[in-house]
Amino acid sequence: MEYKTRQEGSVTVIELSGEIDVSCAPQLKELLQGLIDEGKNQLLVNLADVPFMDSSGLGIFINAFKRNKQTGGAIKFASPQDALRKVFSLTQTDKVFSIFDSVEDGLSSF
Amino acid sequence: MDVKDQLVIDSRLDAVAEAREWLVSRTVQAGVSTKTINDLKLVLTEALSNVVRHAYDDEPGHPIELSLVVDAGALTLTIHDYGRPFDADSYQAPDLSDPQEGGYGVFLMHNLMDQVHYDVSSGTGTTLTLVKRRKDSPQQ
């Protein structure tokens with residue numbers, strides 16, 4: 001897994017790429033916790049270049065979602081591929097997460 | 001095309017990606033659909049994560065034996081470890097109305113596969129058998 005971040009006004013866009021599994025989950029957790037600890041709690045995660053994610057990756061997104069909810073922040077998602085949409089759907093986390101078809105749509109929702 | 005193959009990996013989380021690559025390569029060779037391969041990748045990853053973390057307590061240096069059989073009717077993936085036996089009776093499905101950080105692995109396996117069977121009768125660890133019928137099979 002690799003990542004880049006950029007600021008779009010108050011929103012931090014996280015561009016993830018590569019597979020997210022249990023071996024890189026600690027890296028993802030550190031990234032999200034670090035941003036939230038810095039006060040960057042308006043997060044939009046671009047998943048367009050993530051072909052695979054397991055439940056450990058999902059768990060880290062749930063953790064960030066709960067942390068941000070407590071502080072008035074948000075973590076939203078853009079452009080998941082079919083394999084990731086299926087993980088969100090099966091776990092019904094698509095009912096609590098805000099998931100958009102594009103980064104532009106996601107940005108305009110903040 | 002039928003495929004039958006085996007792989008042994010070490011009990012490390014960073015070896016799970018190696019197993020995924022092996023699975024993808026063999027299932028592509030067998031002409032399995034992309035959708036089914038994606039399901040199998042997820043199920044394999046969840047199963048191996050559980051073995052490394054729970055059966056072997058994150059201790060490297062132990063074998064995990066994988067076997068894959070693909071024929072016209074089904075894909076059968078078998079995972080054997082020699083660690084702490086899995087207690088299938090203790091499994092509780094997650095409450096999907098209240099998302100939690102963990103507990104989805106076995107749930108996903110049951111949702112994505114047609115059969116999920118744990119066998120601890122050997123007395124030497126656990127054999128997990130996962131079966132997916134081939135809806136992409138020309139015979140169905």
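Numerical summary
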item: Any hit, segment A:74-90, residues being surrounded by 16 or more Cβ atoms within 10 Å (Cβ to Cβ), away from every other protein chain (no Cβ under 14 Å) and on the phi > 0 side of the Ramachandran plot; result: yes
item: Which listed residue, of A:43, A:58, is crowded, with 22+ Cβ neighbours inside 10 Å, within 7 Å of chain B (Cβ to nearest Cβ) and either within 11 Å of the chain's Cα centre (by Cα) or hydroxyl-bearing (Ser, Thr, Tyr) (or both); result: A:58
item: Subset of segment A:36-79 [closer than 18 Å to residue B:99 by Cα and either small (Gly, Ala, Ser) or touching a residue at least 60 places away in the same chain (Cβ under 8 Å) (or both)]; result: A:55, A:56, A:57, A:59, A:64, A:73, A:74
item: Scan of segment B:10-25 for residues that are in contact with a strand residue (DSSP E or B) (Cβ under 7 Å, 6 or more places away or on another chain) and crowded, with 20+ Cβ neighbours inside 10 Å, ordered by number; result: B:11, B:19, B:23
item: Residues within segment B:94-126 that are within 14 Å of chain A (Cβ to nearest Cβ), under 18 Å from the mean Cα position of the chain (by Cα) and surrounded by fewer than 18 Cβ atoms within 10 Å (Cβ to Cβ), tallied; result: 4
item: Test: residue A:16 is touching a Pro at 6+ places or on another chain (Cβ under 6 Å), at pLDDT 95 or above and more than 12 Å from every other protein chain (Cβ to nearest Cβ); result: no
item: Residue satisfying condition, being more than 26 Å from residue B:103 (Cβ to Cβ), surrounded by fewer than 22 Cβ atoms within 10 Å (Cβ to Cβ) and not aromatic (Phe, Trp, Tyr), within set A:7, A:33; result: A:7
item: Given (1) within 10 Å of another protein chain (Cβ to nearest Cβ); (2) touching a Leu at 6+ places or on another chain (Cβ under 8 Å); (3) not aromatic (Phe, Trp, Tyr), index of the condition residue B:77 fails; result: (1)
item: Candidates B:49, B:67 - the one that is under 18 Å from residue B:126 (Cβ atoms), within 12 Å of chain A (Cβ to nearest Cβ) and not aliphatic (A, V, I, L, M); result: B:49
item: Number of the exception - residue A:67 against (1) outside any strand (DSSP E or B); (2) under 24 Å from residue B:111 (Cα atoms); result: (2)
item: Selected residue (criterion: nearest to residue A:100 (Cα to Cα)) from residues of segment A:2-15 that are in contact (Cβ under 8 Å) with a residue 40 or more places away in the chain and in contact with a strand residue (DSSP E or B) (Cβ under 6 Å, 6 or more places away or on another chain); result: A:13
item: All positions within segment B:1-41 that are out of contact with any helix residue (DSSP H, G or I) (no Cβ under 6 Å at 6 or more places or on another chain), under 20 Å from residue B:115 (Cα atoms) and within 8 Å of chain A (Cβ to nearest Cβ); result: B:35
item: Test: residue B:116 is assigned to a strand (DSSP E or B) and without any contact (Cβ under 8 Å) to a residue 24 or more places away in the chain; result: yes
item: Options A:98, A:89; residue that is under 13 Å from the mean Cα position of the chain (by Cα) and of a type in the set (Ser, Thr, Tyr); result: A:98
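The values are calculated or read from the model by the stated rules, or taken from the named source; none is laboratory data. For clarity, every value in this text was computed on a predicted model and none was experimentally measured. With ideal geometry, Cβ positions are generated from the backbone for all residues, glycine too; neighbour counts draw on all protein chains shown.
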